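J.: Below you'll find the structure I mean.
The values are calculated or read from the model by the stated rules, or taken from the named source; none is laboratory data. On a predicted model such as this, the values are computed, not experimentally measured, just so you know. Here the Cβ positions follow ideal geometry from the backbone for every residue, glycine too, while neighbour counts run over all protein chains shown. Surface areas here come from the heavy atoms of the whole protein model, side chains and all, with no ligands, DNA or RNA. Shrake-Rupley method; radii C 1.70, N 1.55, O 1.52, S 1.80 Å.
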Amino acid sequence: LLSYLTKLLMDVRTAPVLRSNIAAILVRLQAPSDCGIHELARILVEQEYTSWILGASLKPNSKKRKRGRNRVCKPIVRDPQSLIDISLAIKGHGLSQNCTGFPVGLQKAFLDLHADCTGGSTLASADKTCLLLAYMERCMCEGQKRCREMFSQLAGMDIFDLLTELLSNISKMQFVVSDVATDFERKLILCRAAMRISDTANRLFGQDGSTRLPVESMCRITNSVAKHILPTSKHPLVMKSSPGLELDALSVLGSIGDAIQLDCPNQILQVIRETFETLLSRTGWPVYTVGITSLQRFGTAVKSQIGRSLLPRCLPSSRFKLFESRVNEKLWRDKQLGSVEKDSVVVAYHISRELEQCCCLRKELGKSIFPTTAEMTVAPGSYVVEMKTQDGR
């Protein structure tokens, strides 16, 4: 069953909703457990990923048949959400114990990626770059020493040097509404992949003073999301992925505090301030409430000499009361969500509807109030309640 799930994850014919559920299952199964199933899940994910990199996912049919399939693997779907789902499964919780090095095909893929960074042509292979970044995250989960040793053996390069080059290239991308649809989509894919690996690097290595993370590139990418991508809200691709873009940017800002050194240039701090202020000024309550949490994490982690002057300027006036309530550990209620006197069921209904509009990446999940199970994604950790009708169905 695990083998089939890993193959379905990478197969271009898998429906997006099914892919999301498979990715969620594989992420859970790769988490350390007493039964040891996580090791098998990690091995199978690595095998399928390597198979995809080598271009051998689709094997040729028997020679006796008149019609045969091409040996070359078809590219993975370029839908941003599908790539995110696959990337989460690839990142998982680290490498398997049997993974002591990189296969030849994977070595070549990273060498090509390094060459693309040098030549500035990462946009042409955005889908492949996205999944290579996810594999870098998988290696980072093993700790700084091991991931550095593996990449040094791989191609004589440091993983953080490669990360710096990649993020520098992505931060220089210009988002223009008049872009060709495919180019705009590729830029979004790379932007989200860059923010995810930035968040991972900050969480794992931000407190290590010996590792200088590319903070400037991270900040410029999040600022580009807040000031250049999200304002083009009428663009269909932005409408579809805007909640994810906002939350990814806030995750990076919340984790970047540890990585900021005392000698950080003022222009970078100014970019952080502008990005926080822009994202916290957005109207969707799920976004700005997460934004306050992100600001609190940033303020706790950043050096006090920087935080004292920077934090007050990150907060727009419309969010002062919410921030004050958080600091004082008191409950804050938005008037738009209803008051205490209202029926709790009515309030819960309005909250759930607004949360669905802000966080559901697919707007086409059926026209009815309750979509069929074939159209609905059940998020990890959800509770399912079964209610019988009067007819006993």
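J.: How far is it, in nm, from the label point at Asn98 to the one at Ser281 when both lie 7 Å from their Cα along the line to the Cβ?
T.: In this crude label model, Asn98 to Ser281 measures out at 5.4 nm.
J.: So what's segment 279-337 giving for Rg/Rh, alpha carbon basis, Kirkwood Rh from the mean inverse pair distance?
T.: The Rg/Rh ratio comes out at 0.97.
J.: Which links in Lys128/Lys187; Lys7/Lys91; Lys128/Lys172; Lys227/Lys321; Lys227/Lys303 stretch past 21 Å when you go from one Cα to the other?
T.: From the list (Lys128/Lys187; Lys7/Lys91; Lys128/Lys172; Lys227/Lys321; Lys227/Lys303), the Cα-Cα distance tops 21 Å for Lys227/Lys321; Lys227/Lys303.
J.: May I pose another question? Rg/Rh for segment 222-333 to two decimals, with Rh computed the Kirkwood way over all alpha-carbon pairs.
T.: 0.97
J.: With label points built 7 Å along Cα→Cβ from the Cα atoms of Thr293 and Leu111, find their separation and express it in nm.
T.: 4.4
J.: Using only the Cα atoms of segment 250-294, build the gyration tensor, take square roots of its eigenvalues as a ≥ b ≥ c, and label the shape rounded, prolate or oblate: rounded if a/c is under 1.5, else prolate if a/b is larger than b/c, else oblate.
T.: oblate
J.: I've got another one for you. Quick one: Debye curve from the alpha-carbon atoms of segment 150-204 only, equal weights, vacuum; give me log10 I(q)/I(0) at q = 0.14, 0.16, 0.19 Å⁻¹ to two decimals.
T.: The Cα Debye sum returns log10 ratios of -0.48, -0.59, -0.75.
J.: For segment 116-183, what number results from the quotient of the Cα radius of gyration and 2.2 N^0.38 Å?
T.: Ratio of Rg to 2.2 N^0.38 Å for segment 116-183: 1.28.
J.: Related question: Can you give me the % of accessible surface on segment 158-233 that is carbon or sulfur? Probe 1.4 Å, all protein chains present, nothing else counted.
T.: C and S fraction of accessible area: 46 percent.
J.: Separate question: With a 1.4 Å probe and all protein chains left in place, how much accessible area per residue does segment 178-289 have, in Å²?
T.: Per residue, segment 178-289 has an accessible area of 37 Å².
J.: Rounded to a whole number of µm²/s, how large is the Stokes-Einstein D of segment 136-232 at 20 °C and 1.002 mPa s, given Rh as the Kirkwood radius over C-alpha pairs?
T.: D = 149 µm²/s.
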